[in-house]
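Presented below is the structure to which this report refers.
The values are calculated or read from the model by the stated rules, or taken from the named source; none is laboratory data. These numbers come from a predicted model, not from an experiment. We place every Cβ from the backbone using ideal geometry, glycine too, and count neighbours over all the protein chains shown. Accessible surface is based on the protein model in full, side chains and every heavy atom, while ligands, DNA and RNA are left aside. Shrake-Rupley method; radii C 1.70, N 1.55, O 1.52, S 1.80 Å.
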Amino acid sequence: MSIWLKNATVFDGKAFMEGTRHLVVEGGRIAHLGAEAPEGFEGQTLDLEGKWLCPGFWDLHTHLREPGQEWREDLTSGSLAGAAGGYTTLVAMPNTDPPVDCPSAVSYVARKGRELPGARVLPAGCVSKERKGEELAELLKMAEEGAVLFTDDGAPVRSSGLLRLALRYLDGTGLAVMEHSEDRSLFGKGQVHEGVISAVSGLAGVPSSCEVLGVQRGIELLREVGGRLHFTHLSAARSLELIRAAKAEGLSVTCDVTPHHLTFSEEDVMASGYDGYFKVNPPLRSVRDREALWGGIEDGTVDAIGTDHAPWHADEKDLPFQEASFGIASLECAAAGVLDGAARRGVAAEKVLAALTRAPRCILGRGGDDLLAVGAEADLTVVDPDRVEKVNPRLWRSKAKHSPWSGVVLKGWPVLTLLGDRVLWRASEEQ
């Protein structure tokens with residue numbers, strides 16, 4: 001395939017280039033990028049005037065439910081949903097049934113992940129066997145089969161001793177442990193943030209300290225034994241203060257936040273009438289916490305934005321709040337939701353785009369200063385910053401047809417996703 005993307009405003013992973021640029025893809029690789037149009041081009045031409053051409057969006061944290069829970073989502077439906085949301089690459093969480101905790105399971109996800117019709121899927125492996133937090137899984141053998149990071153996500157690594165061992169074991173490999181930060185004794189039977197909403201509703205609250213103590217544990221272990229530690233879906237202002245200090249100390253620590261924690265708060269849960277579609281772990285916290293996350297994006301404390309896309313069957317979410325499953329589906333509107341939120345707050349679009357493009361690659365050890373170099377794989381996302389759409393989950397490619405964004409009008413949407421020699425997805429011209 002040969003395609004000329006002309007008159008684009010190019011974001012290179014760090015900043016927007018001056019003026020407009022022309023990018024040519026031939027044979028799945030970038031053949032030309034410059035201010036001058038290519039000479040003698042023969043192939044498809046797309047005029048991107050007014051649109052942003054970026055390195056493809058990567059999601060570090062996606063629940064695709066395969067193997068074993070395919071009625072909720074599978075690798076194919078998640079791949080298609082990711083492409084429609086602007087993502088070229090998804091990291092599949094290993095808390096499946098059975099869990100991805102051995103080399104053969106990693107090999108299955110890696111092999112199938114290369115053959116999908118939409119975004120490619122990279123496997124994460126469990127830290128512990130069966131995610132029980134008792135015995136270290138075969139981390140290096142899973143890495144040989146394609147695991148790009150290790151996590152017991154859905155829960156923290158249960159044993160501090162095991163987390164310490166994993167960090168030490170992986171030190172020097174470049175591979176990170178991704179930690180779901182949570183003190184299980186403080187979570188208990190929690191349903192919502194411990195604050196105004198728990199006081200008003202009477203629902204059991206989850207205090208911010210539940211997350212903060214988990215962050216403290218991880219940082220102390222990292223300081224002691226080395227390694228690389230990535231904290232996922234942070235939600236509390238105090239958590240970011242700890243990450244900020246750890247980075248200043250020079251520790252190899254990174255973090256991500258989710259689109260839903262950047263968009264919603266406990267007030268939205270109350271306003272929804274305690275709709276189960278707003279139920280998530282960690283819970284949607286205070287407005288102050290939410291705005292602190294945006295501050296973390298602005299000052300670089302937050303490295304990446306990961307969706308934590310958690311698809312459930314409608315029967316598992318359309319329940320009284322106390323009975324609904326934890327998790328929010330968002331792949332197809334996540335990037336638009338964050339771009340819209342940034343524009344409303346006056347946060348530079350470059351900050352969001354960097355968190356969707358360069359940062360996830362760097363965390364996986366696949367980053368670089370020139371993601372759009374001539375000769376590099378064509379891994380591209382095009383965003384129309386002026387496109388306005390209403391979120392309609394019924395039209396999603398994901399099996400999850402529900403979301404707290406349902407009916408919300410957002411401005412700034414991905415309109416083209418391209419990987420190698422394939423256009424994975426292209427938006428309709430109709431808005």
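Scanning segment 137-161 for residues that are crowded, with 19+ Cβ neighbours inside 10 Å, of a type in the set (A, V, I, L, M) and more than 19 Å from Leu364 (Cα to Cα) returns Ala137, Val157. Looking at segment 169-179, is at least one residue aliphatic (A, V, I, L, M), touching a Leu at 6+ places or on another chain (Cβ under 6 Å) and surrounded by fewer than 18 Cβ atoms within 10 Å (Cβ to Cβ)? No - not one qualifying residue is present in segment 169-179. Considering segment 1-30, the residues that are touching a Pro at 6+ places or on another chain (Cβ under 8 Å) and farther than 22 Å from Leu339 by Cα include one that is most open to solvent (accessible area, probe 1.4 Å), namely Trp4. Across segment 36-60, the qualifying residues are those that are of a type in the set (Gly, Ala, Ser) and at pLDDT below 95, and the one among them that is nearest to Ala119 (Cα to Cα) is Gly43.
Which one is most open to solvent (accessible area, probe 1.4 Å), of the residues in segment 375-399 that are under 19 Å from Arg120 (Cα atoms) and of a type in the set (Gly, Ala, Ser)? By that ranking, first place goes to Ala376.
Of the residues making up segment 195-214, those that are open to solvent by less than 20 Å² (accessible area, probe 1.4 Å), part of a helix (DSSP H, G or I) and touching a residue at least 40 places away in the same chain (Cβ under 8 Å) are Ile197, Cys210, Glu211, Gly214.
The criterion of at least 3 residues that are on the phi > 0 side of the Ramachandran plot and not charged (D, E, K, R) is met by none of the strands (runs of 3 or more DSSP E) falling completely within segment 84-194. The helices (runs of 4 or more DSSP H) falling completely within segment 246-301 that include 2 or more residues that are open to solvent by 10 Å² or more (accessible area, probe 1.4 Å) and charged (D, E, K, R) map to 266-271, 287-299.
Going residue by residue through segment 383-399, is there one that turns out to be of a type outside the set (Lys, Arg), closer than 22 Å to Leu284 by Cα, touching a helix residue (DSSP H, G or I) at 6+ places or on another chain (Cβ under 7 Å) and at pLDDT 95 or above? Within segment 383-399 (the criterion being of a type outside the set (Lys, Arg), closer than 22 Å to Leu284 by Cα, touching a helix residue (DSSP H, G or I) at 6+ places or on another chain (Cβ under 7 Å) and at pLDDT 95 or above), the answer is no, since none of the residues qualifies.
Contact annotation: residue pairs with Cβ atoms under 6 Å, 6 or more positions apart or on different chains, pairing a residue in segment 1-12 that is over 20 Å from Asp421 (Cα atoms) with a partner that is surrounded by fewer than 19 Cβ atoms within 10 Å (Cβ to Cβ) and polar (S, T, N, Q), are Asn7/Thr20. Residue-level check: of (1) open to solvent by 20 Å² or more (accessible area, probe 1.4 Å); (2) under 28 Å from Val196 (Cβ atoms), His313 misses just (2). Any residue at all in segment 340-355 that is among the small types (Gly, Ala, Ser), touching a Gly at 6+ places or on another chain (Cβ under 8 Å) and open to solvent by 60 Å² or more (accessible area, probe 1.4 Å)? Checked segment 340-355: at least one residue is among the small types (Gly, Ala, Ser), touching a Gly at 6+ places or on another chain (Cβ under 8 Å) and open to solvent by 60 Å² or more (accessible area, probe 1.4 Å). Apart from one condition, Leu222 fits all of (1) within 23 Å of Thr62 (Cα to Cα); (2) assigned to a helix (DSSP H, G or I); the exception is (1).
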